[in-house]
Amino acid sequence: MPARDSFTALMATMNKSVIGQERLVERMVVGLLADGHVLIEGLPGLAKTRAVKAMAQALDFDFTRIQFTPDLLPADVTGSDVYFSKDGAGEFRFQPGPVFGNILLADEINRAPAKVQAALLEAMEERQVTVGEASHPLPSPFMVLATQNPIEQEGTYPLPEAQTDRFLMKVLVDYPAPEDERNVLRLVRSEEKAALDPPAAPTGEPAAGQASDAHGVARAALDAARAEIADIHVAEGIERYIIDIITATRQPAKLSDDLGRMIELGASPRGGIALDRCARAYAWLRGQDFVSPGDVQAIAPDVLRHRIALSYEAQGAGRPADDVIADLLRLVAIP
């Protein structure tokens with residue numbers, strides 16, 4: 001069946017960009033085929049937004065994105081009538097908003113107030129937008145892929161049941177397996193390297209058309225440094241060590257009961273990517289062409305202290321995040 005082969009290939013393409021989330025990718029494609037909208041719920045850093053972008057790129061559809069915030073207005077979603085004047089004559093013309101796309105990413109949808117939710121509700125159910133007295137049909141196909149964080153309460157507006165019922169599916173996203181998370185590090189590393197242009201040889205003077213800062217560092221020097229950092233060697237044992245540290249923040253009780261009582265929420269895969277990236281830059285600054293366990297340990301507190309949530313018990317005992325991270329690093333086996 002050629003049509004089914006096309007969508008099997010679509011999922012394979014998406015899975016190359018979104019590692020360890022095969023179930024999410026499959027459910028998104030099911031939602032597309034069933035002509036419905038999908039609500040994706042998961043903690044930050046689990047590749048929800050990346051998965052939506054990967055689908056839009058693989059399909060070559062018009063992709064639009066709305067970052068929902070408490071101060072968003074309905075017109076920021078739907079568009080509005082704008083007054084145009086020419087040669088003394090004026091008229092109102094409808095300027096379409098970001099909802100006019102084939103695939104709409106509604107990022108952190110539960111941060112928008114009720115009026116915005118109502119505007120999106122019409123678009124999802126009626127496949128049209130009403131502004132003033134005129135209704136404007138949305139393009140076909142039209143699919144809303146909305147994301148929300150299940151744990152954050154401040155500055156959020158829980159979706160009304162009438163709106164959640166408009167979603168064909170609600171897909172829960174969990175942490176990837178450790179091996180998949182190692183492959184995520186490698187994928188991001190390769191993407192960073194591919195994105196770097198061949199750097200010009202750094203000189204003491206800025207190249208033509210390039211400005212330097214107060215310390216005389218030219219843009220060419222920064223590009224060259226980043227290219228060298230992209231080539232810093234990270235052994236498999238170091239990759240496992242980084243993932244072990246990140247996994248330990250999520251399952252601290254496996255290291256010790258005391259640590260389990262201190263950490264309420266651990267770091268996302270984005271934390272592992274950040275630790276890998278910063279450890280390479282730190283090693284490069286120290287004149288090394290490889291990352292050592294000491295490099296990872298040295299930079300880990302700065303990468304993790306804002307990514308772990310301490311429990312009420314830790315806060316009540318006056319335990320700062322750095323103390324908890326230090327305990328964690330002492331307990332994770334060093335390669």
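Kindly evaluate D5 against the criterion of being free of Cβ contacts under 8 Å to residues at least 12 places away in the same chain and under 18 Å from E108 (Cβ atoms). When the stated conditions are applied, D5 does not pass them. Scanning region 145-159 finds no residues that are assigned to a helix (DSSP H, G or I) and in contact (Cβ under 8 Å) with a residue 60 or more places away in the chain.
In region 288-314, the residues that are within 23 Å of D258 (Cα to Cα) reach residues that are open to solvent by 30 Å² or more (accessible area, probe 1.4 Å) and not in a helix (DSSP H, G or I) with C-beta atoms within less than 6 angstrom, at least six apart or across chains, in these pairs: A309/E264; A309/L265; S311/E264. Within region 23-47, the set of residues being open to solvent by 50 Å² or more (accessible area, probe 1.4 Å) and under 20 Å from M143 (Cα atoms) comprises R23, E26, R27, V30, L33, A34, D35.
Within region 320-335, the set of residues being open to solvent by 70 Å² or more (accessible area, probe 1.4 Å) and either aliphatic (A, V, I, L, M) or under 15 Å from A298 (Cβ atoms) (or both) comprises R330, L331, A333, I334. Within region 215-270, the only residue that satisfies the criterion of being without any contact (Cβ under 8 Å) to a residue 12 or more places away in the chain, aliphatic (A, V, I, L, M) and either in contact with a Cys (Cβ under 8 Å, 6 or more places away or on another chain) or in a loop (DSSP other than H, G, I, E, B) (or both) is V217. Residue count for region 220-246, restricted to those that are more than 22 Å from Q288 (Cα to Cα) and open to solvent by 30 Å² or more (accessible area, probe 1.4 Å): 1.
Screening the candidates D76, D62 for the property of being acidic (D, E), touching a Pro at 6+ places or on another chain (Cβ under 9 Å) and open to solvent by 80 Å² or more (accessible area, probe 1.4 Å) yields one hit, D62.
The values are calculated or read from the model by the stated rules, or taken from the named source; none is laboratory data. Everything quoted here is computed from the prediction, not taken from an experiment. Ideal geometry is used to build each Cβ from the backbone, glycine not excepted, and the neighbour counts take in all protein chains shown. All accessible areas refer to the heavy atoms of the entire protein, side chains included, with ligands and DNA or RNA removed. Shrake-Rupley method; radii C 1.70, N 1.55, O 1.52, S 1.80 Å.
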